[in-house]
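*Asks:* Before we start, here is the structure in question, set down as structure tokens.
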Amino acid sequence: MLELSFIQENKEKVLKGLETRCYPAETSQIIDQILELNEQRKSLQSFLDVKRGEINTLSGQIGGLFKSGKQEEANALKEEVGKVKEEIGGKEGQLTDTENQLTQLLYKIPNVPNEVVVKGKSDEDNEIHIPYDGPLPELGDDAKPHWELAKQYNLFDLELGVKITGAGFPLYRGKGAKLERALINYFLDEADKRGYEEIVPPLLVNEASGIGTGSLPDKEGQMYYMEKDDLYLIPTAEVPLTNIYRGDIINEADLPIKLTGYTPCFRREAGSYGAHVRGLNRVHQFNKVEIVRFEKPENSYAALEEMLQHVTDLLTALGLPFRVLRLCGGDLTFASALTYDFEVYSAAQKRWLEVSSVSNFETFQSNRMKTRYKDSDKKKQLVHTLNGSALALARIVACIIENNQTSAGIKIPEVLQAYTKFEMID
RNA sequence: GGAGGAGUGGCAGAGCUGGUUUAAUGCACUAGUCUUGAAAACUAGCGUGCGGCAACGUACCGGGGGUUCGAAUCCCUCCUCCUCCGCCA
């Protein structure tokens, strides 16, 4: 969430941010409510501070009087305390109510987009940041989409997933399973080379962790929830990895912190059935290698560039045609200030598929998590958090098998052959 | 799952028969003195949030609630950890 002090001092920027995101005009009223509630909060607290101070002083005196046996004087002071308590009345409850309301309203305000982000409603307004500079691959008319290739070569089985679980839970088998494992290992190794510490996190998280990254409150109903245990299945490794440092004050010398982790990701994708979701294009469970960074504010955009380069290198090595989009305001996630999406071209489906999303959240997540560091002046500052997929597997697999299909079989990209131990799927 | 014990500031660890505890003390850390330099010693500082220009005030001793003039200390409840037993990959 945004810092109160930031909203106070930069109200115009916050309003402009809402406009960039094409939020309904009414949302701006929330800003005024927040500022007003904050004033109420301050005056309530100042009042209570004074009154509590009076009670503390009186109580101390009562203790002294009891020790020296002056019962009557002590009792007189007790009455004094009673009067102060009457003055306090219901103000303590008011203060907690005000604070809770304030928090709830702050949860409704999304991050302020970086100034380069253009106003826009949906993915149609996204800007092309780096276009694909080659000719789009042509496969010929007999090219098959990945769900047909999967059947032909027995790579994954959606019907079996339906039998075991339900729609959107693919089961990989044979060379399809090995390709999956090869990609995970390749991506983890590449992250390792770039200095990311590998983590194997829990796949279920508590409410506090969900709030920390901005995944909760979950208005979209994206997360699977275990009511009996009050836990959520992770929609991405971002949630457990980022929350490692929730509530911590990090040593300046330890920054930047770079983490990576492979996890399955679970997404309900409520109400998303229909065209363009066949095969692996959109599933409830998929594998992903995530990279997460904690950075000093002045370094975070350089870090974002590094992450872009990282993903670029992966896609280049895999030989997949890709482009990079800069998301418009309306397509940005709630917590993000700037997001780049990588899209890979599926030659068989003749369309672009999103395979990676790289974002800078600035202090939006760290303010929720209270993740700070002490700078050289010993002042505590919120860190900037960033994350990106490097990479999400399901669609990468779809593109690899579609784009590399030949009459003799599917060619495995060279960089993966050391991992798969085979060169062709045939 | 059963029985018992415990959760205090970065760490260790007092306080826990309610009132100079505004949480002792030690270690670690930071700055200074001393030193050719370092170590040692000495001096000072050293948790977090909120309000305030500041002095300072206030809240926080696992979370929440209660009793009381006053709660780290008493009561209720939840969570977590440890020990023993049982079960199990």
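*Asks:* Exactly one of these conditions fails for A:Lys78: (1) charged (D, E, K, R); (2) more than 8 Å from RNA strand B (Cβ to nearest atom); (3) free of Cβ contacts under 8 Å to residues at least 24 places away in the same chain. Give me its number.
*Replies:* Every listed condition holds for A:Lys78 apart from (2).
*Asks:* Then there's this: Would you confirm, using the coordinates I've provided, whether A:Val311 is assigned to a loop (DSSP other than H, G, I, E, B) and open to solvent by less than 50 Å² (accessible area, probe 1.4 Å)? Walk me through it before giving the result.
*Replies:* Working: assigned to a loop (DSSP other than H, G, I, E, B): no; open to solvent by less than 50 Å² (accessible area, probe 1.4 Å): yes.
Criteria not met by A:Val311.
*Asks:* From the residues in region A:253-263 that are farther than 30 Å from A:Ala182 by Cα and either touching a Leu at 6+ places or on another chain (Cβ under 8 Å) or surrounded by fewer than 14 Cβ atoms within 10 Å (Cβ to Cβ) (or both), which one is modelled with the lowest pLDDT? Please lay out each step first, then the result.
*Replies:* At the first step, the residues of region A:253-263 found to be farther than 30 Å from A:Ala182 by Cα are A:253-255.
Narrowing the set further to residues that are either touching a Leu at 6+ places or on another chain (Cβ under 8 Å) or surrounded by fewer than 14 Cβ atoms within 10 Å (Cβ to Cβ) (or both) leaves A:253-254.
Working: A:Ala253: 81, A:Asp254: 84.
The residue in question is A:Ala253.
*Asks:* Also, I was wondering about something else. Is there any pair with a first residue in region A:52-66 that is in a helix (DSSP H, G or I) and more than 7 Å from RNA strand B (Cβ to nearest atom) and a second that is open to solvent by 50 Å² or more (accessible area, probe 1.4 Å) and at pLDDT below 85 whose Cβ atoms are under 8 Å apart and which are 6 or more apart or on different chains, and what are they?
*Replies:* Here the result reads A:Leu65/A:Gln71; A:Leu65/A:Glu73, each pair linking region A:52-66 to a residue that is open to solvent by 50 Å² or more (accessible area, probe 1.4 Å) and at pLDDT below 85.
*Asks:* Filtering region A:31-49 down to residues that are within 9 Å of RNA strand B (Cβ to nearest atom) and not charged (D, E, K, R), which residue is modelled with the highest pLDDT?
*Replies:* Restricting to residues being within 9 Å of RNA strand B (Cβ to nearest atom) and not charged (D, E, K, R), the top hit is A:Asn38.
*Asks:* Collect the residues in region A:7-30 that are in contact (Cβ under 8 Å) with a residue 40 or more places away in the chain and within 13 Å of RNA strand B (Cβ to nearest atom), keeping them in residue-number order.
*Replies:* A:Ile7
*Asks:* Condition (residue is part of a loop (DSSP other than H, G, I, E, B) and either open to solvent by less than 10 Å² (accessible area, probe 1.4 Å) or under 20 Å from A:Tyr196 (Cα atoms) (or both)) applied to region A:351-370: is it met by at least one residue? Steps first, answer last, please.
*Replies:* First, pick out the residues of region A:351-370 that are part of a loop (DSSP other than H, G, I, E, B): A:363, A:370.
Add one more test, that the residue is either open to solvent by less than 10 Å² (accessible area, probe 1.4 Å) or under 20 Å from A:Tyr196 (Cα atoms) (or both), and what stays is none.
Looking through region A:351-370, none of the residues is part of a loop (DSSP other than H, G, I, E, B) and either open to solvent by less than 10 Å² (accessible area, probe 1.4 Å) or under 20 Å from A:Tyr196 (Cα atoms) (or both).
*Asks:* Moving on. Out of all the residues in region A:393-406, is one or more open to solvent by less than 20 Å² (accessible area, probe 1.4 Å), outside any helix (DSSP H, G or I), more than 16 Å from RNA strand B (Cβ to nearest atom) and hydrophobic (A, V, I, L, M, F, W, C)?
*Replies:* Applying the first criterion (open to solvent by less than 20 Å² (accessible area, probe 1.4 Å)) to region A:393-406 yields A:393-394, A:396-402.
Still in the running and outside any helix (DSSP H, G or I): none.
Within region A:393-406, not a single residue is open to solvent by less than 20 Å² (accessible area, probe 1.4 Å), outside any helix (DSSP H, G or I), more than 16 Å from RNA strand B (Cβ to nearest atom) and hydrophobic (A, V, I, L, M, F, W, C).
*Asks:* I'm trying to understand the selection: among the residues of region A:213-230, which are in contact with a Gly (Cβ under 9 Å, 6 or more places away or on another chain) and open to solvent by less than 60 Å² (accessible area, probe 1.4 Å)? Break it down stepwise before answering.
*Replies:* First pass over region A:213-230, keeping only residues in contact with a Gly (Cβ under 9 Å, 6 or more places away or on another chain): A:216-218, A:221, A:223.
The answer is A:Leu216, A:Asp218, A:Gly221, A:Met223.
*Asks:* If you check A:Val117, A:Val205, which single one turns out to be in contact with a helix residue (DSSP H, G or I) (Cβ under 7 Å, 6 or more places away or on another chain) and not assigned by TED's automatic domain parsing to the domain that holds A:Asp341?
*Replies:* Values: A:Val205 fails: not assigned by TED's automatic domain parsing to the domain that holds A:Asp341.
Within the list A:Val117, A:Val205, the selection yields A:Val117.
*Asks:* Please verify whether region A:124-134 includes one or more residues that are part of a helix (DSSP H, G or I) and more than 9 Å from RNA strand B (Cβ to nearest atom).
*Replies:* yes
*Asks:* Can we say A:Gly330 is open to solvent by 20 Å² or more (accessible area, probe 1.4 Å), in contact with a Lys or Arg (Cβ under 8 Å, 6 or more places away or on another chain) and of a type outside the set (S, T, N, Q)?
*Replies:* Values: open to solvent by 20 Å² or more (accessible area, probe 1.4 Å): yes; in contact with a Lys or Arg (Cβ under 8 Å, 6 or more places away or on another chain): yes; of a type outside the set (S, T, N, Q): yes.
Yes: the conditions hold for A:Gly330.
*Asks:* Then there's this: Can you tell me which residue in region A:152-180 is farthest from the chain's Cα centre (by Cα), limited to those that are in a helix (DSSP H, G or I) and crowded, with 16+ Cβ neighbours inside 10 Å?
*Replies:* Narrowing region A:152-180 to residues in a helix (DSSP H, G or I): A:152-153, A:158-164, A:175-180.
Restricting the remaining residues to those that are crowded, with 16+ Cβ neighbours inside 10 Å gives A:153, A:158, A:161, A:175-176, A:178-180.
Working: A:Tyr153: 36, A:Leu158: 28, A:Gly161: 27, A:Lys175: 32, A:Gly176: 29, A:Lys178: 29, A:Leu179: 27, A:Glu180: 24 Å.
Only one residue tops the list, namely A:Tyr153.
*Asks:* Could you look through region A:92-102, keep only residues that are within 12 Å of RNA strand B (Cβ to nearest atom) and open to solvent by 40 Å² or more (accessible area, probe 1.4 Å), and pick out the one that is farthest from A:Ile7 (Cα to Cα)? Let's see the steps before the verdict.
*Replies:* So the first thing to find is which residues in region A:92-102 are within 12 Å of RNA strand B (Cβ to nearest atom), and the list is A:92-93, A:95-100, A:102.
In the following step, the residues that additionally are open to solvent by 40 Å² or more (accessible area, probe 1.4 Å) were identified as A:92, A:96-97, A:99-100.
On the way: A:Glu92: 25, A:Thr96: 21, A:Asp97: 21, A:Glu99: 16, A:Asn100: 17 Å.
Residue satisfying both the conditions and the ranking: A:Glu92.
*Asks:* Continuing with this model, one more query. Within region A:83-102, does at least one residue satisfy the condition of being under 20 Å from the mean Cα position of the chain (by Cα) and either of a type outside the set (Ser, Thr, Tyr) or not assigned by TED's automatic domain parsing to the domain that holds A:Glu19 (or both)?
*Replies:* Of the residues in region A:83-102, the ones under 20 Å from the mean Cα position of the chain (by Cα) are none.
No - not one qualifying residue is present in region A:83-102.
*Asks:* While we're looking at this one, here's another question. Would you confirm, using the coordinates I've provided, whether A:Glu115 is part of a helix (DSSP H, G or I), open to solvent by 80 Å² or more (accessible area, probe 1.4 Å) and either more than 9 Å from RNA strand B (Cβ to nearest atom) or more than 30 Å from A:Ala335 (Cβ to Cβ) (or both)?
*Replies:* Details: part of a helix (DSSP H, G or I): no; open to solvent by 80 Å² or more (accessible area, probe 1.4 Å): yes; either more than 9 Å from RNA strand B (Cβ to nearest atom) or more than 30 Å from A:Ala335 (Cβ to Cβ) (or both): yes.
It is false that A:Glu115 is part of a helix (DSSP H, G or I), open to solvent by 80 Å² or more (accessible area, probe 1.4 Å) and either more than 9 Å from RNA strand B (Cβ to nearest atom) or more than 30 Å from A:Ala335 (Cβ to Cβ) (or both).
The values are calculated or read from the model by the stated rules, or taken from the named source; none is laboratory data. Computed from a prediction, not measured in an experiment: that's the story for all the values here. Cβ atoms come from the backbone with ideal geometry, glycine included; neighbour counts cover every protein chain shown. All accessible areas refer to the heavy atoms of the entire protein, side chains included, with ligands and DNA or RNA removed. Shrake-Rupley method; radii C 1.70, N 1.55, O 1.52, S 1.80 Å.
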